[in-house]
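The values are calculated or read from the model by the stated rules, or taken from the named source; none is laboratory data. Only a predicted model underlies this, so the values are computations on that prediction, with no experimental measurement involved. Heads up, the Cβs are rebuilt from the backbone with ideal geometry, glycines too, and the neighbour counts pull from every protein chain shown. Quick note on the areas: whole protein, heavy atoms, side chains included, nothing else; ligands and nucleic acids left out. Shrake-Rupley method; radii C 1.70, N 1.55, O 1.52, S 1.80 Å.
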Amino acid sequence: MLNIVKKTALAGALILSAGAALAEYPEKPIEVIVGYSAGGGTDVMARTAAPFIEKYLGDGASIVVKNMPGASGQIGVTEAANADPDGYTLGTFNLPGMMARTIDREADYDRDSFSYLANVVNDPNVIVTSKSSGLDTLDALLAEAKANPGAITVGMSSLGGDDHFALIKLQNATETEFTIVPFKGSAPARTALLGGHVAMGILNISEVAEFQDQLNVLGVATNERSQFAPELPTFKEQGLELVNGSMRGFIAPAGLPEDVQAKLIDAFTQMASDQEFLDAMAATANPVEVVAGEEFRQLTSDLYDLAKGVWDTTPWN
Amino acid sequence: MYADLLNALPDVFSLANFAAVVIGVIAGIVVGAMPGLSATMAISVLVPFTFGLEPLVALGLMAGIYNGAMYGGAIPAVLLRIPGTPAAVATTFDGYPMAQKGEGGFALQVAVVSSAFGGVASAFALMLLAPPLSKVTLLFGPSEVFWVAIFGLASIIFLLGGNPVKGLISACFGVFVSVVGSDPIYGNDRFTFGQLEMLDGINIVILLVGLYALPPVIDLLETPLKTDGVKSSKLGTEPIWKALPRMKSYWKTWVRGSFIGIWIGILPGAGGSMAAFMSYNEARRASNTPETWGEGEPEGVAAAEVANNADTASALIPALTLGIPGTAVAAVMLGGLLVHGLQPGPMLFRDNPDIVFGFMWQFLFGAILLVVLGGSLATNSFARLLNLPRPLLGSVIIVLMLIGVYSIHGRMFDVYLMLGFGAIGWVMDRLKFPLPPVVLGLILGGFAEENLRLALRIGRGDPMVLFQNTTSLILVALTIAVIVGPSLKKRFTGKGKAQ
């Protein structure tokens with residue numbers, strides 16, 4: 001008898017505390033899994049955003065960033081996808097990389113494994129050429145590419161990333177052909193450009209902003225001029241439809257309680273218009289473009305379809 | 001620019017900023033001295049904490065750790081033949097024989113003074129010559145970098161002495177290990193057996209600890225009753241100022257090693273271990289008594305240690321000006337800079353002179369502090385390690401190895417891998433296969449492969465792209481000289497005797 005009372009009391013207490021959790025989320029620290037090591041671009045985004053997310057979640061919310069580097073972010077994002085969907089484990093998310101990895105190798109997650117919170121950074125692609133190449137306008141570059149298909153070498157970071165998809169889009173839009181030279185990361189590709197070892201490069205705007213005097217920046221792959229470097233023209237202005245970029249944002253495992261998800265998305269949306277946050281991001285070379293909730297899901301889905309389309313026609317491994 | 005350099009100086013001496021360097025150096029020496037803990041690891045652990053710190057406090061800690069660890073790695077290398085960091089492998093060649101002869105204390109003093117010399121030279125290169133030296137980096141495209149790697153591998157196989165065939169086999173084993181993981185161009189999995197843990201390849205620290213730390217520990221434990229190591233009276237510890245005059249004659253080796261270290265540092269990827277080997281080789285070639293090298297020649301310790309510290313600050317030259325780190329440690333430090341909004345590039349020196357030049361001063365003072373802190377720490381505490389009974393010492397080292405390797409990624413998989421390499425290392429040791437080529441094979445193998453393939457893509461499949469410019473041709477000539485040089489020399493001297 002006493003036992004039953006005990007059990008009932010315990011169950012009651014559990015129900016109460018569960019109810020309280022829903023009402024007062026967050027009541028314990030929230031862990032954000034970053035799939036890269038500390039000090040990388042994604043890590044800096046997470047750590048810069050953390051205090052602002054805490055601020056807009058309110059109630060003394062606390063965020064703990066946990067680095068789980070390895071396999072180009074795949075280890076960390078898999079961990080986040082498989083965590084309990086209780087709102088206490090979030091993860092960073094990179095596009096198009098995270099979707100491309102579900103296509104070019106076996107992954108333990110897919111686009112339906114996540115609750116999409118907000119994409120925070122959109123670092124648009126730029127096309128640059130080395131000073132020694134003599135290709136200092138977009139027209140000159142395209143004319144040379146048409147005259148000698150494959151003669152222009154293009155330095156970029158790895159295959160199956162945003163740089164690669166930008167090149168595919170360029171080749172399709174202009175019916176040209178380039179020779180891809182995939183370096184391990186953007187900095188070595190940029191250095192090869194500076195040294196004139198490759199003629200052209202596809203990088204991101206944050207990576208060339210400091211090197212504008214040493215390289216020819218031919219255009220930015222955005223609809224409108226980027227706030228990050230407004231002096232650089234877009235491709236659209238030059239009559240070329242080319243929009244592409246590298247995106248970084250935050251996800252949670254699929255199946256998040258609706259009120260928790262709404263509260264998180266709300267916090268990210270408020271953060272997007274916080275000037276202090278925007279300044280901090282600009283200082284760490286992170287061009288901000290916040291896309292929250294359903295729109296973010298759609299964006300991911302579109303990028304998956306793009307990657308899948310590319311893979312089906314020209315697989316990169 | 002030089003005005004900026006001087007303007008940055010006062011801030012470096014503020015209490016917190018200076019204390020950071022001191023703490024960093026001490027922490028670095030300790031970390032470097034533990035087999036399995038490396039400067040890379042210590043700084044990556046530190047980076048998340050630096051978000052809350054003032055930039056110069058954070059950077060001072062990093063500069064201190066980097067300098068400290070490059071010397072700290074020499075301590076177990078000398079005393080136990082276990083290099084504490086990959087860069088200390090060459091220090092074992094003469095350091096350990098010295099310790100066995102009872103000159104361990106002097107070996108450590110040579111190591112610390114040489115390390116400080118290299119560190120100071122490198123800091124000056126960073127402070128005064130960063131922009132021109134970064135232009136040298138730009139000369140090295142994929143084909144040139146490929147030849148640097150081949151030159152490094154050829155040097156280690158053919159110049160290290162002993163049996164070149166065994167050296168070649170060892171190097172091939174190292175190169176094979178470098179193949180494990182994702183393909184550098186296409187990203188296909190190679191020899192990963194479906195393990196996500198192997199996708200990033202095999203961490204150099206896992207291989208180093210397994211190969212180098214396990215066999216000596218097994219040796220230690222095999223002979224538990226052979227009393228307790230070296231007597232403290234035989235350590236040869238005398239105050240460092242009394243030891244200094246004995247090092248006067250090493251100045252040529254120090255200057256040569258500094259140049260080599262600075263040069264290797266500004267090339268992306270190769271790092272301290274290659275610098276130390278090359279400096280050691282060159283110093284031995286220049287020596288009047290090359291036959292004493294490998295048997296406890298203090299100048300060998302000086303050559304290795306000056307070079308592995310001379311690449312520290314210079315590795316930051318391409319990191320700060322181009323965003324490409326010269327070593328794995330510089331890569332992690334780049335992350336630490338980014339955290340504080342310091343974007344690498346030509347604007348860095350103009351936009352944040354106080355912090356950038358302050359950081360360079362901290363490198364200089366970190367190197368100088370080594371003599372004070374390293375000198376006393378090493379001779380007074382670490383050298384006495386050898387007084388421990390062998391079974392105890394062996395067990396302590398095994399525990400440190402396991403903790404160090406586990407803490408790289410926090411997984412047991414790496415520990416098992418390390419033990420596997422340990423078994424291989426023990427067998428190789430018994431069969432007299434040299435271990436250094438394995439380490440360099442892993443470091444340079446992946447590097448050579450990636451750059452060869454990039455170069456061939458740039459040449460659109462035409463191998464002539466590898467011979468198209470002067471820098472490549474010079475490196476090819478050097479490589480050939482290294483391969484045929486020793487046998488030619490032998491033939492000539494052989495003939496001379498016959499006649």
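The figures follow:
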{"quantity": "Residue in the range B:446-456 that is farthest from B:GLY174 (Cα to Cα), counting only those that are surrounded by fewer than 20 Cβ atoms within 10 Å (Cβ to Cβ) and among the charged types (D, E, K, R)", "calculated": "B:ARG453"}
{"quantity": "Unique match (being of a type outside the set (A, V, I, L, M) and crowded, with 24+ Cβ neighbours inside 10 Å) among B:GLY32, B:GLY52", "calculated": "B:GLY32"}
{"quantity": "Identity of the residue in the range B:162-185, closer than 18 Å to B:ALA276 by Cβ and surrounded by 16 or more Cβ atoms within 10 Å (Cβ to Cβ), that ends up nearest to the other protein chains (Cβ to nearest Cβ)", "calculated": "B:GLY174"}
{"quantity": "Which numbered condition B:LEU334 misses (of (1) surrounded by fewer than 20 Cβ atoms within 10 Å (Cβ to Cβ); (2) closer than 20 Å to B:ALA20 by Cα; (3) not charged (D, E, K, R))", "calculated": "(1)"}
{"quantity": "Residue within the range A:118-132 that is in contact (Cβ under 8 Å) with a residue 24 or more places away in the chain and in a helix (DSSP H, G or I) present", "calculated": "yes"}
{"quantity": "A:GLY12 vs. criteria away from chain B (no Cβ under 14 Å), out of contact with any Lys or Arg (no Cβ under 8 Å at 6 or more places or on another chain) and either part of a loop (DSSP other than H, G, I, E, B) or modelled with pLDDT of 90 or more (or both)", "calculated": "no"}
{"quantity": "Some residue of the range B:126-136 being surrounded by 24 or more Cβ atoms within 10 Å (Cβ to Cβ) and more than 14 Å from chain A (Cβ to nearest Cβ)", "calculated": "yes"}
{"quantity": "Lone unmet requirement of (1) touching a residue at least 24 places away in the same chain (Cβ under 8 Å); (2) facing chain B (nearest Cβ under 10 Å) for A:GLU210", "calculated": "(1)"}
{"quantity": "Tabulated pairs, the range B:81-93, first closer than 16 Å to B:GLU282 by Cβ, second β-branched (Val, Ile, Thr), C-beta under 8 angstrom, 6+ apart or interchain", "calculated": "B:THR91/B:VAL78; B:THR91/B:VAL301"}
{"quantity": "Of the criteria (1) surrounded by 15 or more Cβ atoms within 10 Å (Cβ to Cβ); (2) away from chain B (no Cβ under 14 Å); (3) touching a helix residue (DSSP H, G or I) at 6+ places or on another chain (Cβ under 9 Å), which one A:PHE183 fails", "calculated": "(2)"}
{"quantity": "Hits in the range A:270-283 (condition: surrounded by 15 or more Cβ atoms within 10 Å (Cβ to Cβ) and under 19 Å from the mean Cα position of the chain (by Cα))", "calculated": "A:MET271, A:ALA272, A:PHE277, A:LEU278, A:ALA280, A:MET281, A:ALA282"}
{"quantity": "Yes/no for A:THR300 being modelled with pLDDT of 90 or more and away from chain B (no Cβ under 14 Å)", "calculated": "yes"}
{"quantity": "The range B:204-245 - residue that is open to solvent by less than 40 Å² (accessible area, probe 1.4 Å), closer than 19 Å to B:LEU392 by Cβ and touching a Gly at 6+ places or on another chain (Cβ under 6 Å) and, of those, modelled with the lowest pLDDT", "calculated": "B:LEU235"}
{"quantity": "Residue list for the range A:138-175, restricted to those being open to solvent by less than 20 Å² (accessible area, probe 1.4 Å), of a type in the set (A, V, I, L, M, F, W, C), assigned to a loop (DSSP other than H, G, I, E, B) and over 15 Å from A:VAL128 (Cβ atoms)", "calculated": "A:LEU159"}
{"quantity": "Filter pass, A:GLU294 being open to solvent by 60 Å² or more (accessible area, probe 1.4 Å) and not assigned by TED's automatic domain parsing to the domain that holds A:ASN82", "calculated": "no"}
{"quantity": "Candidate set from the range A:186-206 (those that are in a helix (DSSP H, G or I) and among the small types (Gly, Ala, Ser)); member that is nearest to the other protein chains (Cβ to nearest Cβ)", "calculated": "A:ALA187"}
{"quantity": "Selection count where residues are more than 8 Å from chain A (Cβ to nearest Cβ) and either free of Cβ contacts under 8 Å to residues at least 24 places away in the same chain or of a type in the set (D, E, K, R) (or both), scope the range B:332-375", "calculated": "5"}
{"quantity": "Some residue of the range A:72-85 being more than 14 Å from chain B (Cβ to nearest Cβ) and assigned to a helix (DSSP H, G or I)", "calculated": "yes"}
{"quantity": "Options B:ARG284, B:ARG246: the member that is in a helix (DSSP H, G or I) and either within 25 Å of B:PRO486 (Cα to Cα) or touching a Phe, Trp or Tyr at 6+ places or on another chain (Cβ under 6 Å) (or both)", "calculated": "B:ARG284"}
{"quantity": "Contacts under 7 angstrom Cβ, first residue in the range B:467-478 being closer than 20 Å to B:LEU456 by Cβ and modelled with pLDDT of 90 or more, partner polar (S, T, N, Q) and surrounded by 13 or more Cβ atoms within 10 Å (Cβ to Cβ), 6 or more apart", "calculated": "B:SER472/B:SER143"}
{"quantity": "Yes/no for B:GLY459 being at pLDDT 90 or above and surrounded by fewer than 18 Cβ atoms within 10 Å (Cβ to Cβ)", "calculated": "yes"}
{"quantity": "Candidates B:ALA307, B:ALA315, B:ALA330 - the one that is aliphatic (A, V, I, L, M) and within 23 Å of B:GLN109 (Cα to Cα)", "calculated": "B:ALA307"}
{"quantity": "Only listed residue being open to solvent by less than 30 Å² (accessible area, probe 1.4 Å), more than 18 Å from the chain's Cα centre (by Cα), closer than 26 Å to A:THR102 by Cα and in contact (Cβ under 8 Å) with a residue 12 or more places away in the chain, chosen from A:LEU240, A:LEU303, A:LEU256", "calculated": "A:LEU256"}
{"quantity": "Options B:ALA111, B:ALA16, B:ALA77, B:ALA20: the member that is open to solvent by 10 Å² or more (accessible area, probe 1.4 Å) and away from chain A (no Cβ under 14 Å)", "calculated": "B:ALA16"}
{"quantity": "Failed item, numbered, when B:LEU159 is tested on (1) open to solvent by 10 Å² or more (accessible area, probe 1.4 Å); (2) more than 10 Å from chain A (Cβ to nearest Cβ); (3) touching a Ser or Thr at 6+ places or on another chain (Cβ under 9 Å)", "calculated": "(3)"}
